[in-house]
Structures are given as C-alpha cells and as structure tokens.
Amino acid sequence: MNANQKIESTLIGEFLVSQGLVSAQDIDQALRVQQKVGGRIGQLLMRAGAISEDVLLDCLSTQLQMPILGKTGKEPSLSDIQLNAETHGLNMDWMFDQQVVVWADQDRLCYTAQDVLSTSILEALSVMLPDSTPVAHLSTSQSLGRLLSYVRSSTLSQQDDNLQRLIEMAEDGPTVELVNNIMAQAGDLNASDVHVEPEQDAFKVRFRVDGVLRTQHNLPSDRFNALVSRVKLISNIDIAERRLPQDGRFSTRVGGKDYEIRVSTLPGVDGESLVMRLLPKEREEMQLDRLGMRVDHMDLMKRWMRQPHGIVLVTGPTGSGKSSTLYAAIDDSNDGVRKIITVEDPVEFKLPGVTQVQTHAEIGLTFASALRSILRQDPDVVMVGEIRDLETAEMAIQASLTGHLVLSTMHTNDAVSAFVRLTDMGIEPFLVATPIVGVQAQRLVRRVCQACSIADEQPTISADLRDRLDDMASAGEASDWRLPQGCSVCSHTGYKGRLGIYELIPVTEQLQEMILAGKSLDDMRRSLALKGTRFMKEDGLLKARAGMTTIDEVLRVTSFQE
C-alpha cells in the first residue's frame, strides 16, 4: 500500500464511519480485500455495495479538496480536450489507454481519471507537462465514460467520420428521452430484460415479462444508432467498437425503484443486438414459501440446508430462478450460528448476515480462486455461483469433504443430468456419488391471472395422468383447472407473475450405486419414477390442478420431458 492509499484509507474510512455511512466492519473487510487485490479503499467499498458512487465522490471531494465534474466543476467539451492536446502535444491514444482526460479551462489545465491519485498518471503528466500542474477533478463513471468517448471519437475520426455525430445524437434530447421512456415502461411492466434488435429497415424493442418476450416498439432504423450509442455511453462501453461483443452496466431509478442495469452488445448482420437486464437493488424478502414450492419439496430443501457437510446443487437454464432459490434457502437457514460466505458473478443483491464476494476474472479472482481463499475464512456454508469447469468442481467437492456445506448451480435440463455433467467434466464417479446430498431442477412458469381466468371443465390431459395427480395431491386439495383469458390487469396476456416448478432428487444409497456403476440417465429416471419421485412436469401439473398456472404453460417449459 503506497502513501496515498494509506492517507485515503485513514481519511475516507474514518470520515465514512463517523458519518454513519459505512460500518467499521465494512472498512475492515475492504482493507482485507485491498491487501489481496489492491485498489482504492473507496472503490472497494463501492464494489461491495457498502456505499454509492455519489456519496463516495462527495466524501472524497471534501477530504481531498477536489471539485467534482458536473457539480463543482465544469465538464469539458470535445473541442476543449482536442485544443489542449494540440497545444501541449498530448497523445489522445495515451489518454484513452490510461483512462485519463486532460483539458484546458481558461488559463489552467485540468485532468480527471478513474484514479486521480495514480502514481503512474501523475508521473506521466509531470513529464508531458513540465511547466504546469493540472488540477485534478473527480468524476462519476458515467461522466468519465462520456469524456473517454470524446477522446476515443477523436482518435478514430479518420476511420469513422460519423462517430462524432453518434455522440451528438446520443446526447440529443429526443434520444435521451427515448431511452428514459423505454426504461420507465420496462419498470412499469416488471420486465426482466430489454432487447433492442436491429432489422434491415427498422428495429424492435422487446421486453421479457414473466419469462416471455413481447414486442413493445417497432421503430425506424434512423433512430437505432443513436439509441445504442446512448446506452453504450451511460454504460461506459466503447462507443466506437462495433465489431466485438461488449459488456457494461449502469444504475438508474425507475418508478421509484433503484435498478442496476447489465448491458450486453453483440454484433450482427444488421447491426449490434443490445440486451439490458434489469436487476432491482432492493427486492421483497425472499422466502422459500413465496417461490411456489409445495410443502414436501420445501421440507426436503430445508432438511438439505441443515446438513453439516455435502453439496446441494440447483440446476436449470439461465433465467430459471436458480440464484433466487439459493438466496431464499440461505436466508431461511441463516440462524446466526453458522458462517455463510458466497462467491457470485455478479452479486445480484445483498443478504443480511452473509459475506458476499464478487468475482473479477480480469484480476484472477475466479470462482475457483475465490473458493480456495474462502476456505481459509472458516465458513460453515459456502455458496458458489456456478460450477462451470473442472477446477471449480474439484474445489467444491474438496470443500464438501472437509466439513463444509456447499451450495451451487449448474446448467442442466433436469436434476439427474447433473451427475453425468460432473463426470463429463472429469470428476471421478465416486467423487460425484459421495459428497452430493441432493439435486434440485427447476423452471419458472407464469401464474394464471386471478382477475380474468375461467374454469377449465375439460383439461387436456389423459385420465390416467389426472388420476395420478389426484393421488399426488394433498388430502382435501380441490381440483381447480384454469384457462387464461386476458384483461387490463395482466396486459391482456392471461398471466401475471411467475412461480417455480421443481424436482428434488435426494442422493440415496441406491442412486449412489447407480452413479458408481455408470448407469444411463434413463435407467436412473426409471428407478426414481418407481420410487414415486415427482418430476418437474408432474409438479407443474399439480400446480395447474390447483389453479395457479395452466396446462399449456407447464407444457411450454417441460416439453422435453417424457
């Protein structure tokens, strides 16, 4: 830690604690992370979610006596940056590479950067500007991204004459209003994703609501580049790069709620496809009984969570609610006695009483490396966001065999496939069979609208299946098959909200023997069926029988199953 970092840690840490903005524990944790991976204490607090960027900048401005661009300091224009670069012979490529912007404000030089106290930047400026001492300005990531886009636009002007026009359009009033309106509409509809998809002569804006895409806007193609440029600008994505996929993020407030928006761009034949995922920063308290689990499944999951060691896996495709299930299970089992640590990519929202770690692959903090360090923190329960490679799988198994309960997710179609997936990764069958306590697979189905649905007098399933479902249903549970209709409450879709359908497979001695013997998936499924296991399709149809969803909706997400 250099002198500047020590000064900043002391000043900012003490100031934030004295103002009640963070706790002493937050500072201690950030200092421990700083010792391992470096970085400024303020940035680490912000990444951990302990403090917002605006509050951090206000504190830094007070402690370091530096103006903030857009608040106590004027933002420069592209001409200010270009003119200063020409006057002093500054290289625009250097500025972009080092993420620093230098400009002239009347008779003084100014600069801003992600880390204005960076020794390398200060030394470089002293060499390039020996007769001047530029005044440091703090800036939000959004402001810095905008200025760096100016710098980038200047370096690429010969290759792309339209780039400056894109930046101007991105900051044009109608474009800003269009993006704001789209985000407001997405928030009003509780959309999870916004898709901007270019076509030859137009582009579509589609919202994923309750897991299903719906077209919200069809717009002329002449507005597409401006919209994409606007989103890139506020997401701190290279506005000039259109040939490679890029990722970014920004925060916004929509309908009185704070959201973090994760942005992904993908180059296509007709232009860049843009997807924005909306993650509410504050969600309703997650509880297992709010996810749609039936009592027997909920009791089994709670029993798994009480195990002193082993592995519990939750499987399903992207967007099937795996993380929400694990969050709810952790929250339900967090009695304050056990030490719980998670490593996630990304940390979607904070759990009280749980230590949460965000991976950063670019600095080597992967699931596997983080898990290795976590085990030295004496945890009782560890959640790994996803097992996606052999190294992570081996670390998870090692942790489970040394007295830890490990929770994780995998991308498989059903619960039984998780065993085959692990062996395909290179895990020995005995290491698959021994530590795993149980596997849950799940999907999300839409809830039928309670305001407009009508009774389904003739459900489109066989009489044998109906009898089997009647046997599975709880005693006294009435049959209430429903059909969707559509009204203003559900935006005329017939559905509103979602719930989970599940299959939970405990690893019994018989199943362990089948894994060790290398039995096929069909053999394992048949054996489980004979023992009365309720698979996902049956769980979904039981919920359709109870009037919570519909037969068509269950078949939509489980049609792969026999």
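The values are calculated or read from the model by the stated rules, or taken from the named source; none is laboratory data. Just so it is clear, the structure is predicted and the values come from calculations on it, not from any experiment. Neighbour counts run over all protein chains shown; Cβ positions are idealised from the backbone, glycine included. In case anyone asks, the SASA skips ligands and DNA or RNA and just uses the protein heavy atoms, side chains included. Shrake-Rupley method; radii C 1.70, N 1.55, O 1.52, S 1.80 Å.
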**Q.** Any hit, segment 476-489, residues being among the acidic types (Asp, Glu), in a helix (DSSP H, G or I) and surrounded by fewer than 15 Cβ atoms within 10 Å (Cβ to Cβ)
**A.** no
**Q.** Tally, over segment 39-50, of residues that are part of a loop (DSSP other than H, G, I, E, B), touching a residue at least 24 places away in the same chain (Cβ under 8 Å) and closer than 18 Å to residue 117 by Cβ
**A.** 1
Q) What residue, among those in segment 372-401 that are out of contact with any helix residue (DSSP H, G or I) (no Cβ under 7 Å at 6 or more places or on another chain) and among the hydroxyl-bearing types (Ser, Thr, Tyr), is modelled with the highest pLDDT? A) 400
Q. If you check every pair at least six apart or on different chains, which have Cβ atoms under 6 Å apart with a residue in segment 309-323 that is open to solvent by 10 Å² or more (accessible area, probe 1.4 Å) first and a residue that is part of a helix (DSSP H, G or I) second?
A. 309/400
Q: Of all residues in segment 240-296, count the ones that are farther than 22 Å from residue 345 by Cβ, acidic (Asp, Glu) and open to solvent by 70 Å² or more (accessible area, probe 1.4 Å).
A: 5
Q: State which residue is surrounded by the fewest Cβ atoms within 10 Å (Cβ to Cβ) when the search covers only segment 504-527 and only residues that are aliphatic (A, V, I, L, M) and in a loop (DSSP other than H, G, I, E, B).
A: 517
Q | Filter result (open to solvent by 50 Å² or more (accessible area, probe 1.4 Å) and of a type in the set (Lys, Arg)) within segment 27-81 | A | 32, 36, 47, 71, 74
Q. Where residues in segment 389-414 are among the polar types (S, T, N, Q) and buried (at least 22 other Cβ atoms within 10 Å of the Cβ), which of them is nearest to residue 379 (Cα to Cα)?
A. 400
**Q.** Tally, over segment 326-337, of residues that are surrounded by 15 or more Cβ atoms within 10 Å (Cβ to Cβ) and either free of Cβ contacts under 8 Å to residues at least 60 places away in the same chain or under 14 Å from the mean Cα position of the chain (by Cα) (or both)
**A.** 6
Q. Just wondering, is there one or more residues in segment 238-248 that are within 30 Å of residue 549 (Cα to Cα), modelled with pLDDT under 90 and over 19 Å from the mean Cα position of the chain (by Cα)?
A. no
Q: Looking at (1) touching a strand residue (DSSP E or B) at 6+ places or on another chain (Cβ under 8 Å); (2) farther than 26 Å from residue 395 by Cβ; (3) open to solvent by 20 Å² or more (accessible area, probe 1.4 Å), find the lone condition where residue 299 falls short.
A: (1)
Q: Name the one entry in 223, 249, 253, 262 that is touching a residue at least 60 places away in the same chain (Cβ under 8 Å), basic (Lys, Arg) and either under 23 Å from residue 188 (Cβ atoms) or assigned to a loop (DSSP other than H, G, I, E, B) (or both).
A: 262
